[in-house]
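The values are calculated or read from the model by the stated rules, or taken from the named source; none is laboratory data. Quick caveat, the model's predicted, so the values are computed rather than measured. Cβ: placed from backbone, ideal geometry, glycine included. Neighbour counts: every protein chain shown. Only protein heavy atoms, including side chains, enter the accessible area calculation; ligands, DNA and RNA are left aside. Shrake-Rupley method; radii C 1.70, N 1.55, O 1.52, S 1.80 Å.
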Amino acid sequence: MEYSPPPLFKQGASARVKMMVFAGISIALLLVDSRMHALTAVRQAVGTVLYPVQMAALVPRDVAVGVGNYFSSLSALEKQVRDLKHEQIASAQILQQAQLNIVENNHLRKLMEARERVPVKTMMAEVLYDTRDSATRKIVLDRGIQHGVELGRPVIDNLGVVGQVTRVFPFTSEVTLLTDEEQAIPVQLLRNGVRSVAIGRGKSGTMELRFTAPSADIQIGDIVITSGLDGLYPAGLAVARVTLVERNAHGPFGRVVCQPLAGIERNTQLLILMTSPEIPPRPPAEDVKTGRKIAGKMAPIKDPAKEAAAAVPAAAPAAKPPAANAAAPAPAAVPPKEATR
């Protein structure tokens, strides 16, 4: 019976010899390939066979890299979206502020033009807030006693009259708008000069012309201006436009509703008239001849010059005694024949 040792314990060439043999074979193959290019086809065939294996081995790496790139791209996109939203909000705020500045500049320019047209001294004021009382129509300005504001001063904008200063504080003042129920202003129609009194109607935001006869020539669309009769508002300031005319045939007055022309509730800057309009002086007093009442009736007017002239010839007969005047016969009592003898 032949005994052979297991393969693990088989004796053969040493490892050094094997290394030298394989190293020689590798060097020979390198020389042959470099000189003759004989292994190019073999290399291509081996590469073609091993390509699927290489791709399969690279799949886990590609998956890991793709997942990392996906999450990093998603985080970058989210950050970019947040930044764009912040930029959009900032741009919208800047645009809104620019539009507000443009509107404010246009309004200030119009106020400056209106300031040149008003014949009295004015002062610019800014609206701080509306009053809390919902039953009244009032606003508060940032000018007061320290700035020279006095009680009763008119307040206007570039379109017309806004209201009147009704309360004054050291650094602020309260303005009652034209639409307030307690506010009244003497006005007249621009078209024909018909005078009236405009009174506010409260929450409706309109005004009403009081004490107008039904036959008054008032039409829808007429412009109402200040008459200047109160000595407070300069004459010719725009007040309102007539929007409704109702004739009352059974009463002494009609109903005329007007819409204010000024920006009653949308102004941020206003003009305060600091001085009253110049009123022309009264004419010199004239020597007016007035009659006297006698027993409830007017006595005739007497001229002093005529009375003096009539008193001169009447003085001579008044000097004779009353008896001589009574004895003298009247010329009409003597007969004609006795008179000739």
Working only within region 171-196, note down all residues that are open to solvent by 30 Å² or more (accessible area, probe 1.4 Å) and acidic (Asp, Glu). Glu181, Glu182
Scanning region 168-179 residue by residue, the ones that are farther than 19 Å from Ser276 by Cβ and more than 18 Å from the chain's Cα centre (by Cα) total 4
